[in-house]
1. Check whether at least one residue in the stretch 69-88 is within 25 Å of Leu151 (Cβ to Cβ) and of a type outside the set (A, V, I, L, M), and report yes or no.
2. Residues that are within 18 Å of the chain's Cα centre (by Cα), hydrophobic (A, V, I, L, M, F, W, C) and within 27 Å of Leu154 (Cβ to Cβ): does the stretch 206-214 have at least one?
3. So is Gly317 touching a Ser or Thr at 6+ places or on another chain (Cβ under 9 Å) and either closer than 24 Å to Glu200 by Cα or in contact (Cβ under 8 Å) with a residue 24 or more places away in the chain (or both) or not?
4. Would you check which residues across the stretch 33-48 are charged (D, E, K, R), within 12 Å of Lys18 (Cα to Cα) and surrounded by 15 or more Cβ atoms within 10 Å (Cβ to Cβ) and list them?
5. Could you list all residues from the stretch 1-39 that are within 21 Å of Thr72 (Cβ to Cβ) and of a type in the set (A, V, I, L, M, F, W, C)?
6. Where in the stretch 27-77 are there helices (runs of 4 or more DSSP H), lying wholly inside it, with at least 1 residues that are touching a Gly at 6+ places or on another chain (Cβ under 9 Å) and closer than 17 Å to Gln105 by Cα?
7. For the stretch 38-61, enumerate the residues that are out of contact with any helix residue (DSSP H, G or I) (no Cβ under 7 Å at 6 or more places or on another chain) and either closer than 17 Å to His268 by Cα or among the hydroxyl-bearing types (Ser, Thr, Tyr) (or both).
8. If you scan the stretch 294-338, which residues turn out to be surrounded by fewer than 19 Cβ atoms within 10 Å (Cβ to Cβ) and of a type in the set (Gly, Ala, Ser)?
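The values are calculated or read from the model by the stated rules, or taken from the named source; none is laboratory data. These numbers come from a predicted model, not from an experiment. All Cβ positions, glycine included, derive from the backbone under ideal geometry; neighbour counts span all protein chains shown.
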Amino acid sequence: MNAVVRCKPWVGDRPPKKILVMRFQALGDTVITLPYLKSIKQQYPDIVIHFLTRKEVSPVPASILLFDRVITIGGGRNAKLQFVLTLFKLPWLWFQRYDAVLDLQNHKISKAVRKLMATAAWTEFDRSSPISAGERTRQTIEALWTWKITLVTLFQFKDNKFQIDELLNRHGWKRDHELVVLNPAGYSPSRSWPINHYIEFAKAWIEYHESTQFVLLLLPSMQAKANAIADALGNHCINLTGKANQVEAFAILQKSKFILSEDSGLMHMAWVHGIPTLALFSSSRKDWSAPQGEWSYCLDSSDLECGPCMLEVCKFGDNRCLTRYTPRFVLDKAKALTSPKSI
């Protein structure tokens, strides 16, 4: 299926020399753009790419070798303040003389910036077609010129100031053990697989892969979930809840063998690294948010009459779209996903 991409394509035998890319949304939405923008840089390393984004989600884009400059906008989630602060950036942005704008956000602020830039070429993200955000991103970038955009997952960090091995060592990492990330981070009750299921999954995994430690990279608000898992798994668990920032979490994922995750920013951070990613969806829309690539798989509710409902609380009170997936069933899917054979 094709996205509905509004655009004014670049005309010429060579691609534009300098591009402004905009993505203002949440961390997961921002990270989704990276493998497709990396495809540009891989094919045309001399293209200058500037990335305009919210300050809160800028650390990961700023940490990798991809963008020539990451430009940040403050204001948090306050749209009016974001707009005012963006206006202050305009003189500098005009001075850059961009050839093209990739608006991967498509909201009032990004539209205003794109129009005020008055570049020779531009494209605008399709926000509503029932296809994945990753695929819509790819098609939006591809609409700018005649290039072929692919999913590129190899990211290099700019420096090694953040000592990932040291952080893991301080919290009990055994270097001869593989790392598996468990991420019960669904933002609402309807999107949460039971914690005891995560524990049973982990214990069953250890039966097959004894030299495994499970990493928790949850937000501090989910400390209770993390503690329950950590207490049950003992030294098979590395609990970094509230102890790893965005960049550290992104780097730890790169060292991991596999992630089991609910719909969240960390889930997106994993699949863009090419890490085998098994996503547990419930009320979320798989067609919009499922992880991409042959290394990803999504267990979702689209086969049920009630799903995907997008409700924060299950109307039946039992989260049946998730609880029907037993730990052993999920383990079988995980084993298939991490083996040479596909699911």
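1. Checking the stretch 69-88: at least one residue is within 25 Å of Leu151 (Cβ to Cβ) and of a type outside the set (A, V, I, L, M).
2. To start, the set of residues in the stretch 206-214 that are within 18 Å of the chain's Cα centre (by Cα) comprises none.
No, every residue in the stretch 206-214 fails to be within 18 Å of the chain's Cα centre (by Cα), hydrophobic (A, V, I, L, M, F, W, C) and within 27 Å of Leu154 (Cβ to Cβ).
3. Working: touching a Ser or Thr at 6+ places or on another chain (Cβ under 9 Å): no; either closer than 24 Å to Glu200 by Cα or in contact (Cβ under 8 Å) with a residue 24 or more places away in the chain (or both): yes.
No, not satisfied.
4. From the stretch 33-48, those charged (D, E, K, R) are 38, 41, 46; that's our starting set.
Now restrict to residues that are within 12 Å of Lys18 (Cα to Cα): 41, 46.
Listed by number, the list holds a single entry, Lys41.
5. Residues satisfying the conditions are Ile19, Leu20, Val21, Met22, Phe24, Ala26, Leu27, Val31, Ile32, Leu34, Leu37.
6. Values: elements: 27-32, 34-43, 59-63.
Of the helices (runs of 4 or more DSSP H) lying wholly inside the stretch 27-77, those with at least 1 residues that are touching a Gly at 6+ places or on another chain (Cβ under 9 Å) and closer than 17 Å to Gln105 by Cα span 27-32, 34-43.
7. Scanning the stretch 38-61 gives Lys38, Ser39, Tyr44, Glu56, Ser58.
8. Hits for the stretch 294-338 are Ser302, Gly317, Ala336.
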